[in-house]
Amino acid sequence: MEVAVYNIKGEDTGRKVTLNDEVFARDLTEGNADHTLYLDIKQYLGNQRQGTHKSKERSEIAGSTRKLGRQKGGGGARRGDINSPLLKGGGRVFGPRPRDYRTKLNKKMKQLARKIALTSKANKGVVMVVENFNFDKPCTKDWMKIAKSFKVNEKKTLLVMNDLDKNLLLSVRNVPNALMVQAMDLNAYTVLNTEAILMTEGSVEVINENF
């Protein structure tokens, strides 16, 4: 697959770059693409969770253990002490406890999910290739000029670079709907969770060679 290469002003340079068909033009009808994406995204989101949630159960509430009323004849349920879940301020029944949400997934399946996600975006025509560029200093205004040139300033945009540019990273991270990642750090969730993808020529080379 060949796509045009643009400069940072959004102008066609007249050059084209080849996107690896194995990554950007897969047959999505083969196998179970949707389930592969589901498993990969489930693992990714689960690995982001801290799992530190906790609520106090009956035995952990600081309160008297004196029985509030008689067992029978009160006209209501048997409530026991003031820590009962039936009363306001009492413990919680089967509340959340700290746990680890991390799961494992086959490496080849993760790689396949990434390819499926990139193919899906390429099919929608939202993958654009721009010449390699960098910033001399952090400047969010300069990034917004580039985004407006490609008409993605109001879209959730993913900028893919071949290596880490600290000045560019500091410029992009100030924009709520923009995210910059290195090509080797791409994952299916990040790709699918965007409306437009800008890739530098250098990042395309990394993807073609390593994915």
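Once ligands and nucleic acids are excluded and a 1.4 Å probe is used, how much of residue 18 is accessible, expressed in Å² to the nearest 10?
We get 80 Å² for residue 18.
Roughly how many debye, to the nearest 20, is the charge dipole of the chain about its Cα centre, given +1 on each Lys and Arg Cβ, -1 on each Asp and Glu Cβ, and no other charges?
Numbers: 37 positive and 24 negative charges, 489 e Å.
Taking the Cα centre of the chain as origin, the dipole is about 2340 debye.
Among 180, 118, 73, which residue has its Cα positioned farthest towards the positive end of the charge dipole of the chain, with +1 placed on the Cβ of Lys and Arg, -1 on the Cβ of Asp and Glu, and the dipole taken about the Cα centre?
So the residue we want is 73.
Taking the chain as the region of interest, what is the percent of Cα-Cα pairs per 5 angstrom bin, listed from the shortest bin to the one with the maximum distance?
1, 6, 12, 14, 13, 10, 8, 6, 5, 5, 5, 5, 4, 3, 2, 1, 0, 0
Most mobile of 164, 112, 198 per a Gaussian network model of the chain (Cα springs, under 10 Å)?
164
List the relative contact order of region 64-132 as a percent without decimals, with contacts defined as Cα pairs under 8 Å and 6+ residues apart. Intermediate results must be reported in sequence, preceding the final value.
Working: 33 pairs, mean separation 11.3, N = 69.
In percent, rounded to a whole number, it is 16.
Expressed as a rounded percentage, what relative contact order does region 37-91 have, with Cα pairs under 8 Å and six or more residues apart? Before the final figure, lay out the partial values.
Values: 46 pairs, mean separation 17.2, N = 55.
Relative contact order, region 37-91: 31 percent.
Tell me which residues come under 5 Å, amide H to amide H, from residue 129 once H is placed; ignore anything under 5 positions away on its chain.
Here the answer is 6, 199, since their amide H atoms fall under 5 Å of that of residue 129.
Given 54/115; 108/151; 16/151, which pairs have Cα atoms separated by over 27 Å? Walk me through the numbers before you get to the answer.
On the way: 54/115 38 Å; 108/151 35 Å; 16/151 20 Å.
Distance filter (> 27 Å) returns 54/115; 108/151.
Placing +1 at every Lys and Arg Cβ and -1 at every Asp and Glu Cβ, with all other atoms neutral, what dipole size does region 77-168 have around its Cα centre, in debye to the nearest 20?
Details: 23 positive and 8 negative charges, 134 e Å.
So the magnitude is around 640 debye.
Can you run phi through the Karplus equation (6.51, -1.76, 1.60; θ = phi - 60°) for region 23-28 and list ³J(HN,Hα) in whole Hz, with x for Gly and Pro?
Whole-Hz 3J(HN,Hα) from phi for region 23-28: 9, 9, 9, 6, 7, 6.
Over the chain, what is the relative contact order in whole percent, taking alpha-carbon pairs under 8 Å and six or more residues apart?
Details: 343 pairs, mean separation 51.2, N = 211.
Relative CO of the chain lands at 24 percent.
What FRET efficiency would be calculated for the residue pair residue 151, residue 182, taking the C-beta separation as r and a Förster radius of 22 Å, to the nearest 0.05? Working shown, then result.
On the way: r = 25 Å, r/R0 = 1.12.
That pair, residue 151 with residue 182, gives E of 0.35.
For residue 17 and residue 62, calculate 0.36 nm times their separation in residues minus their Cα-Cα distance, and state this gained length in nm to one decimal. Show your work: numbers first, answer last.
On the way: separation 45, 0.36 × 45 = 16.20 nm, distance 6.71 nm.
Gain on extension, residue 17 to residue 62, equals 9.5 nm.
In region 1-111, if the dipole is taken from +1 on Lys/Arg beta carbons and -1 on Asp/Glu beta carbons about the Cα centre, which of 89, 41, 24 is farthest to the positive end?
89
If the chain between residue 140 and residue 92 were fully stretched, how many nm would it gain, using 0.36 nm times the residue separation less the Cα-Cα distance? Could you put the intermediate results ahead of the total?
Working: separation 48, 0.36 × 48 = 17.28 nm, distance 4.75 nm.
Full-extension gain reported as 12.5 nm.
Would you please give the FRET efficiency between residue 7 and residue 210, computed as 1/(1 + (r/R0)^6) with r the Cβ-Cβ distance and R0 = 22 Å, to the nearest 0.05?
0.30
State to the nearest 20 debye the size of the charge dipole of region 1-111 about its Cα centre, where the only charges are +1 on K and R beta carbons and -1 on D and E beta carbons.
Values: 24 positive and 13 negative charges, 337 e Å.
Roughly 1620 debye for region 1-111.
Note down the nm distance, to one decimal, between modelled labels 7 Å out along Cα→Cβ at residue 52 and at residue 77.
Distance between label points: 3.3 nm.
What length, rounded to one decimal in nm, is gained on full extension from residue 103 through to residue 163, with 0.36 nm per residue of separation minus their alpha-carbon distance? Present the calculation step by step, with values, prior to reporting the outcome.
Values: separation 60, 0.36 × 60 = 21.60 nm, distance 2.84 nm.
Residue separation times 0.36 nm, minus the Cα-Cα distance, leaves 18.8 nm.
Can you give the longest run of the chain that contains no GluC sites (Glu not before Pro) sitting in a DSSP loop with at most 16 other Cβ atoms inside 10 Å?
Values: sites that count: 11, 30, 57, 131, 154, 195.
Longest stretch, sites excluded: 58-130.
The values are calculated or read from the model by the stated rules, or taken from the named source; none is laboratory data. This structure is a prediction, so every number in the text was calculated from the model and none was measured. Every residue, glycine among them, receives a Cβ derived from its backbone with ideal geometry; neighbour counts consider all protein chains shown. Heavy atoms of the whole protein, side chains included, go into the accessibility calculation; ligands, DNA and RNA do not. Shrake-Rupley method; radii C 1.70, N 1.55, O 1.52, S 1.80 Å.
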